[in-house]
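What follows is one structure encoded as structure tokens, with my remarks underneath.
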Amino acid sequence: MNLVEKAERKTRDRAIVFYLLALCLLMSAMTSPQHLDGASTRLIPWFVMVGAAALNLTSAPFRLWKWNGMAALLNDETTRDHRRSSLAAGFWAMLLASALTISVATFQPVDAFMTGRVVITAGLMAALIAFATLELRASR
């Protein structure tokens, strides 16, 4: 198996991991506490998931660790375009989640922590799913 085939396999694997990361992010957000009253240690998994998702959506891992030629193949022009498109989808999802949270807050009081968690989770999930879908579609 040559370097290009290995890069294509890693691209498909990365897309599947992004789908799983989006699912884990949703589960982590749903199981974290509703308020910060003494339960801040239970929030650590959610913060770790958010950090991992945000880091994986950037090109920082490719810039920090230079692999033996594989980094250039995994971070090519098409991948950078997919990353830009997925971040735009995440932005619009965050905007929509903010608007929906504001409309819910007119009927039911919602604290700022819960609002932030909903908005961040929605945006990152949308960006992860959009990126994974674009990568899988391009690998066909």
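The values are calculated or read from the model by the stated rules, or taken from the named source; none is laboratory data. Predicted model only: the values in this text are computed from it and were never measured. Note: ideal-geometry Cβ built from the backbone for every residue, glycine included; neighbour counts use all protein chains shown. These accessible areas exclude ligands, DNA and RNA; they are computed on the full protein's heavy atoms, side chains included. Shrake-Rupley method; radii C 1.70, N 1.55, O 1.52, S 1.80 Å.
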Exercise. Out of region 12-32, which residues are closer than 13 Å to Val50 by Cα, within 12 Å of the chain's Cα centre (by Cα) and open to solvent by less than 90 Å² (accessible area, probe 1.4 Å)?
Worked result: Phe18, Leu21, Ala22, Cys24, Leu25, Leu26
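Scan region 121-130 and give yes if some residue there is within 15 Å of the chain's Cα centre (by Cα), farther than 21 Å from Thr31 by Cβ, modelled with pLDDT of 95 or more and open to solvent by less than 40 Å² (accessible area, probe 1.4 Å), otherwise no. Break it down into steps so the answer makes sense when it comes.
Going residue by residue through region 121-130, those that are within 15 Å of the chain's Cα centre (by Cα) are 121-130.
Applying the additional criterion that residues be farther than 21 Å from Thr31 by Cβ yields 127, 130.
Checking the rest, the ones that are also modelled with pLDDT of 95 or more come to 127, 130.
Narrowing the set further to residues that are open to solvent by less than 40 Å² (accessible area, probe 1.4 Å) leaves 127, 130.
Yes; the residues of region 121-130 include at least one that is within 15 Å of the chain's Cα centre (by Cα), farther than 21 Å from Thr31 by Cβ, modelled with pLDDT of 95 or more and open to solvent by less than 40 Å² (accessible area, probe 1.4 Å).
Can Met70 be described as at pLDDT below 85 and in contact with a Cys (Cβ under 9 Å, 6 or more places away or on another chain)?
Considered against the rule, which asks whether it is at pLDDT below 85 and in contact with a Cys (Cβ under 9 Å, 6 or more places away or on another chain), Met70 comes out as no.
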For this session: Could you check Met49 against (1) among the hydrophobic types (A, V, I, L, M, F, W, C); (2) touching a helix residue (DSSP H, G or I) at 6+ places or on another chain (Cβ under 9 Å); (3) surrounded by fewer than 18 Cβ atoms within 10 Å (Cβ to Cβ) and say which number it fails?
Result: (3)
Problem set entry | Close pairs (9 angstrom Cβ cut-off, 6 or more residues apart or separate chains): closer than 16 Å to Phe131 by Cβ in region 1-17, part of a helix (DSSP H, G or I) and among the small types (Gly, Ala, Ser) anywhere | Thr11/Ala138; Arg14/Ala132; Ala15/Ala132; Ile16/Ala132; Val17/Ala132
